[in-house]
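Chemist: Once you've had a glance at the structure underneath, I'll fire off some questions.
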There are 2 protein chains.
Amino acid sequence: MKKKATIYDIAREAGVSTATVTRVVRGDPGVREATRDKVQRVIDRNAYAPSMSAQNLESGRSKALAVVVPSISNLYFAKIFDSAYWEAADNGCSVRLIQTKDNQAISPEIVNELIRCRMDGVLFAGNIWSADRADLNDAMERLNHYMPVAAICPPGVELNCIRIESDLLNCARLPVRHLHTLGHRRIAFIGGSMHSKDASHRGATFLEQLRLLGLPDDPAYHVDAGYDMEGGERAVLRMLSALPRERWPSAIVTFNDLVALGAIRQLKKMGQHLPEDMAIVGCDNLFFCPYSDPPLTSVDLHPAEMAQSAVRELLVARESASRSFSILRDATLVVRESCGAALGFRHFDT
Amino acid sequence: MKKKATIYDIAREAGVSTATVTRVVRGDPGVREATRDKVQRVIDRNAYAPSMSAQNLESGRSKALAVVVPSISNLYFAKIFDSAYWEAADNGCSVRLIQTKDNQAISPEIVNELIRCRMDGVLFAGNIWSADRADLNDAMERLNHYMPVAAICPPGVELNCIRIESDLLNCARLPVRHLHTLGHRRIAFIGGSMHSKDASHRGATFLEQLRLLGLPDDPAYHVDAGYDMEGGERAVLRMLSALPRERWPSAIVTFNDLVALGAIRQLKKMGQHLPEDMAIVGCDNLFFCPYSDPPLTSVDLHPAEMAQSAVRELLVARESASRSFSILRDATLVVRESCGAALGFRHFDT
DNA sequence: AAAATCAATGTTATCGGTAACAATTTTCTT
DNA sequence: AAGAAAATTGTTACCGATAACATTGATTTT
């Protein structure tokens with residue numbers, strides 16, 4: 001590897017001052033054509049580009065945001081990052097991706113890293129709010145010294161930052177109402193881990209909807225399913241094994257599409273026909289929903305739009321002072337065949 | 001936002017020199033307990049952490065790698081990034097994700113950005129090698145001034161960098177041989193865009209395998225399918241519509257699992273039973289393969305391991321000089337039900 | 001008690017770039 | 001051609017941290 005060129009190397013080799021090199025690099029006016037050419041040739045020959053560290057140090061700004069997620073291999077978070085990435089790029093900002101090791105906490109190490117990088121803003125997605133309150137407040141406090149903070153979180157969470165709220169109310173209401181309209185009366189929910197506040201929040205909202213419609217909220221219809229396919233399979237097996245056939249639900253609302261995928265597989269293994277014997281609704285509207293068998297009805301929380309809003313607000317907050325407010329983007333139910341809408345109204349309460 | 005604290009602020013407020021602050025931050029020995037406590041309190045009160053820009057400038061190293069991919073929403077690239085991220089983290093390195101706008105080129109802007117950031121290394125995934133040769137060599141040349149370069153690419157590509165080769169030979173050979181063993185004689189390939197060298201390389205390898213086994217390499221069995229589900233649907237429709245029923249293939253090898261998913265849907269629409277009427281093999285072994293209907297047999301190129309190797313080599317190359325060599329990780333065929341292996345040997349050559 | 005040793009802390013040049021201003025040319029006036 | 005104005009180009013302090021070295025003060029040695 002050749003020695004990395006600095007602006008001094010370029011200036012010396014071109015026989016000009018560093019200021020002139022800067023002018024040429026930035027395309028500033030007020031440089032004689034001949035000088036510009038001469039300097040540009042030296043720049044090209046050395047593959048020179050000004051060091052970002054030096055620029056950031058000088059300007060005191062990084063022109064970079066951070067997005068903190070549990071895992072980018074999770075399509076939901078990938079959508080969020082992707083959207084944030086391009087929205088920031090449109091505004092001349094880069095985005096750094098930070099993954100959390102333990103899958104949930106907002107650790108002091110991460111806070112430190114964010115501060116060290118002097119980010120212009122940070123967006124948290126994934127359930128940081130289930131961390132210990134004191135730790136969380138402390139982290140927010142520390143971060144707020146240096147940068148605006150945004151978080152995609154359930155409604156009503158107390159967080160001293162820009163809150164982009166997931167529409168968990170509709171996330172539970174839309175599928176339940178839809179299934180109710182189709183004639184379903186025994187509706188089950190297989191939700192994420194009950195240890196997560198996010199998941200239990202969804203579970204609570206789900207139960208509330210059942211009660212509003214006067215439907216049975218049998219605890220046997222509400223089981224922990226984790227966040228993935230295996231969880232979905234196990235949850236269905238556990239739930240149905242524990243119930244006599246005549247008390248089986250006629251519809252299952254799942255925590256997300258992955259859980260739904262697992263649930264579908266397990267139901268098929270148990271000889272159920274979908275959607276005739278059992279309706280299924282997922283959440284996140286991932287790319288494969290139209291391609292599952294049957295095509296999966298799913299709630300779309302519009303993660304990309306939430307991320308876009310978050311980035312916009314962060315960029316605004318860089319300048320101004322307002323730091324704590326919330327934004328909500330309504331969820332949408334995307335109806336496909338797994339909920340059995342095409343079958344028309346039927347009364348499932350045998 | 002409070003004024004961001006610098007090491008000078010901390011030093012002044014604690015009544016010590018900057019050197020002592022640095023010592024406390026790093027936990028260096030040789031600081032009196034009382035002094036350490038005093039300084040630490042000021043650090044905590046101000047949520048101070050040393051500026052990375054300043055550190056990088058001083059040390060001349062960024063301790064950061066870059067991973068350049070077309071889109072992180074693509075699960076294959078997400079796996080690569082994820083793996084690179086943690087492998088780098090284990091070695092005290094961070095990883096920056098860069099997405100390419102046009103989905104394939106290694107643009108001068110990206111090269112410039114990489115140099116500006118003074119990355120310690122860069123890993124390219126996605127088909128940069130299909131760019132114009134002159135541009136590509138130029139970009140490599142420029143990058144090599146500043147950092148080691150690695151690329152995940154097809155075998156045999158001429159690239160002046162560390163090449164982590166995808167095992168495209170087996171990627172075509174394994175499914176074709178397997179299907180042949182099961183009795184299939186008319187095997188089709190619906191591949192990525194024919195404009196991409198990667199895709200055409202796979203197509204060529206596929207045809208070669210057919211010839212080696214003495215199977216027909218009818219051009220009608222080889223159609224462009226893009227990279228996603230829609231492409232798979234269209235490709236199947238186009239291929240089968242153009243053929244009389246008796247010349248339909250009995251098996252289809254697809255470019256990747258997404259294309260396979262689309263193909264499966266289209267085949268079902270056309271009334272085909274899978275895998276009895278038609279065997280399908282995908283590629284990438286994505287998470288949903290066990291959950292598709294039928295569960296999808298797929299080739300695994302082990303992207304995570306490739307990324308891990310790439311990062312290791314990049315970290316080694318930081319120190320040493322060797323810069324151009326290649327590594328190959330064998331592909332694996334993961335047999336599930338979509339290829340009909342469970343049905344036993346049958347002769348499909350009606 | 002003076003000298004030597006060691007522990008704790010301070011000083012300063014430096015990294016690569018930019019901003020603000022200073023200095024030098026060049027071009028234009030009259 | 002002298003002086004003014006405009007166009008180029010150069011100089012230097014600074015951004016925040018660290019390394020290398022310098023200094024101070026305390027403790028031990030003789």
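Chemist: Hey, A:ASP28 hits all of (1) within 16 Å of DNA strand D (Cβ to nearest atom); (2) surrounded by 13 or more Cβ atoms within 10 Å (Cβ to Cβ) but one; which does it fall short on?
Modeler: Exception for A:ASP28: condition (2).
So that you can scan it fast, the table gives a plain yes or no per residue for (1) under 21 Å from the mean Cα position of the chain (by Cα); (2) of a type in the set (Gly, Ala, Ser):
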site	(1), (2)
A:ARG234	no, no
A:ALA242	no, yes
A:ARG247	no, no
A:GLY262	no, yes
A:HIS273	no, no
A:SER292	no, yes
A:SER298	yes, yes
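Chemist: May I ask you to list the residues in the range A:215-258 that are part of a helix (DSSP H, G or I), in contact with a strand residue (DSSP E or B) (Cβ under 6 Å, 6 or more places away or on another chain) and within 22 Å of A:ASP293 (Cβ to Cβ)?
Modeler: A:ALA235, A:MET239, A:ASP257
Chemist: Which numbered condition trips up A:GLU13, out of (1) under 30 Å from A:LYS101 (Cα atoms); (2) open to solvent by 50 Å² or more (accessible area, probe 1.4 Å); (3) in contact (Cβ under 8 Å) with a residue 12 or more places away in the chain; (4) of a type outside the set (Phe, Trp, Tyr)?
Modeler: (1)
Chemist: Looking only at the range A:162-176, filter to residues that are of a type in the set (A, V, I, L, M) and part of a helix (DSSP H, G or I); which one of those is farthest from the other protein chains (Cβ to nearest Cβ)?
Modeler: Step by step, filter the range A:162-176, then rank; the result is A:LEU169.
Chemist: Go through (1) assigned by TED's automatic domain parsing to the domain that holds A:TYR76; (2) modelled with pLDDT of 95 or more; (3) closer than 22 Å to A:TYR76 by Cβ one by one and return the number of the condition A:ILE115 breaks.
Modeler: Of the numbered conditions (1) assigned by TED's automatic domain parsing to the domain that holds A:TYR76; (2) modelled with pLDDT of 95 or more; (3) closer than 22 Å to A:TYR76 by Cβ, the odd one out for A:ILE115 is (3).
Chemist: Would you mention how many residues in the range A:174-188 are closer than 26 Å to A:PHE325 by Cβ and either surrounded by fewer than 18 Cβ atoms within 10 Å (Cβ to Cβ) or modelled with pLDDT under 95 (or both)?
Modeler: 0
Chemist: What's the total number of residues in the range B:20-32 that are of a type in the set (A, V, I, L, M) and at pLDDT below 95?
Modeler: Here the count works out to 1.
Chemist: Could you check, for the range B:62-82, whether at least one of its residues is within 11 Å of chain A (Cβ to nearest Cβ), under 30 Å from B:GLY15 (Cα atoms) and within 14 Å of DNA strand D (Cβ to nearest atom)?
Modeler: no
Chemist: If only one of A:TYR76, A:TYR85 is free of Cβ contacts under 8 Å to residues at least 24 places away in the same chain and buried (at least 18 other Cβ atoms within 10 Å of the Cβ), which one is it?
Modeler: Unique residue meeting the criteria: A:TYR85.
Chemist: Scan the range A:1-25 for residues that are of a type in the set (A, V, I, L, M) and near DNA strand D (Cβ under 7 Å from one of its atoms) and report the count.
Modeler: Qualifying residue count for the region: 2.
Chemist: Please pick out the residue among A:ALA220, A:ALA225 that is surrounded by fewer than 19 Cβ atoms within 10 Å (Cβ to Cβ) and of a type outside the set (D, E, K, R).
Modeler: Exactly one residue qualifies, and that residue is A:ALA220.
Chemist: Ok, one more. Which fully enclosed strands (runs of 3 or more DSSP E) of the range B:274-350 have 2 or more residues being touching a Cys at 6+ places or on another chain (Cβ under 7 Å)?
Modeler: Fully inside the range B:274-350 and qualifying: B:279-283, B:297-300.
Chemist: Say whether the condition of being outside any helix (DSSP H, G or I) and more than 15 Å from A:ILE162 (Cβ to Cβ) is met by at least one residue in the range A:112-119.
Modeler: yes
Chemist: Test of understanding: among B:SER320, B:SER309, B:SER326, which residue is more than 30 Å from B:GLY183 (Cβ to Cβ) and free of Cβ contacts under 8 Å to residues at least 12 places away in the same chain?
Modeler: Within the list B:SER320, B:SER309, B:SER326, the selection yields B:SER320.
Chemist: Taking the stated definitions as given, is A:PRO244 surrounded by fewer than 17 Cβ atoms within 10 Å (Cβ to Cβ) and away from chain B (no Cβ under 14 Å)?
Modeler: For A:PRO244, the condition - surrounded by fewer than 17 Cβ atoms within 10 Å (Cβ to Cβ) and away from chain B (no Cβ under 14 Å) - is met.
Chemist: Ok, one more. Taking the condition of being outside any helix (DSSP H, G or I), of a type in the set (A, V, I, L, M, F, W, C) and either within 11 Å of DNA strand C (Cβ to nearest atom) or touching a Cys at 6+ places or on another chain (Cβ under 7 Å) (or both), how many residues in the range A:19-65 meet it?
Modeler: Summing the residues that are outside any helix (DSSP H, G or I), of a type in the set (A, V, I, L, M, F, W, C) and either within 11 Å of DNA strand C (Cβ to nearest atom) or touching a Cys at 6+ places or on another chain (Cβ under 7 Å) (or both) in the range A:19-65 gives 3.
Chemist: Give all pairs with beta carbons closer than 8 Å in which a residue from the range A:35-61 that is more than 9 Å from every other protein chain (Cβ to nearest Cβ) meets a residue that is open to solvent by 50 Å² or more (accessible area, probe 1.4 Å) and in a loop (DSSP other than H, G, I, E, B); count only pairs at least 6 apart in sequence or on separate chains.
Modeler: Taking only residues 6 or more apart or on different chains, the pairs are A:LYS38/A:GLY15.
Chemist: To continue, here is another question. Restricting attention to the range B:287-316, which residues are within 9 Å of another protein chain (Cβ to nearest Cβ) and under 30 Å from B:GLY121 (Cβ atoms)?
Modeler: B:PHE287
Chemist: From the list B:ALA150, B:ALA54, B:ALA49, B:ALA64, exactly one residue is at pLDDT 95 or above and crowded, with 24+ Cβ neighbours inside 10 Å. Which is it?
Modeler: None of the other options fit; the residue is B:ALA150.
Chemist: What's the total number of residues in the range A:1-18 that are assigned to a helix (DSSP H, G or I), of a type outside the set (Asp, Glu) and within 12 Å of DNA strand C (Cβ to nearest atom)?
Modeler: 6
Chemist: Assess whether B:ASN144 counts as being assigned to a helix (DSSP H, G or I), touching a residue at least 24 places away in the same chain (Cβ under 8 Å) and of a type outside the set (A, V, I, L, M, F, W, C).
Modeler: yes
Chemist: Follow-up question, since we're still on this one. Any idea which of B:LEU179, B:LEU159 is part of a loop (DSSP other than H, G, I, E, B), in contact (Cβ under 8 Å) with a residue 24 or more places away in the chain and touching a strand residue (DSSP E or B) at 6+ places or on another chain (Cβ under 7 Å)?
Modeler: Matching residue, one of B:LEU179, B:LEU159: B:LEU159.
Chemist: Residue by residue through the range A:315-350, note down the ones that are out of contact with any helix residue (DSSP H, G or I) (no Cβ under 8 Å at 6 or more places or on another chain) and surrounded by 13 or more Cβ atoms within 10 Å (Cβ to Cβ).
Modeler: Result: A:VAL316, A:ALA317, A:ARG318, A:SER324, A:SER326, A:LEU328, A:GLU337, A:GLY340, A:LEU343, A:PHE348.
Chemist: Quick check on my filter: what residues within the range A:267-314 are within 26 Å of A:ASP167 (Cβ to Cβ), open to solvent by 20 Å² or more (accessible area, probe 1.4 Å) and aliphatic (A, V, I, L, M)?
Modeler: Scanning the range A:267-314 gives a single hit, A:ALA304.
Chemist: If the requirement is being open to solvent by less than 30 Å² (accessible area, probe 1.4 Å), under 23 Å from the mean Cα position of the chain (by Cα) and on the phi > 0 side of the Ramachandran plot, which of these qualifies: A:GLY203, A:GLY126, A:GLY191?
Modeler: A:GLY126
Chemist: Would you please name the residue that is nearest to B:LEU65 (Cα to Cα), looking only at residues in the range A:83-110 that are of a type in the set (Ser, Thr, Tyr) and facing chain B (nearest Cβ under 10 Å)?
Modeler: A:SER94
The values are calculated or read from the model by the stated rules, or taken from the named source; none is laboratory data. Source: prediction; values computed, not measured. FYI the Cβ positions are ideal-geometry reconstructions off the backbone, even for glycines, and counts take in every protein chain you see. Protein only, heavy atoms only, side chains kept; ligands, DNA and RNA dropped before computing areas. Shrake-Rupley method; radii C 1.70, N 1.55, O 1.52, S 1.80 Å.
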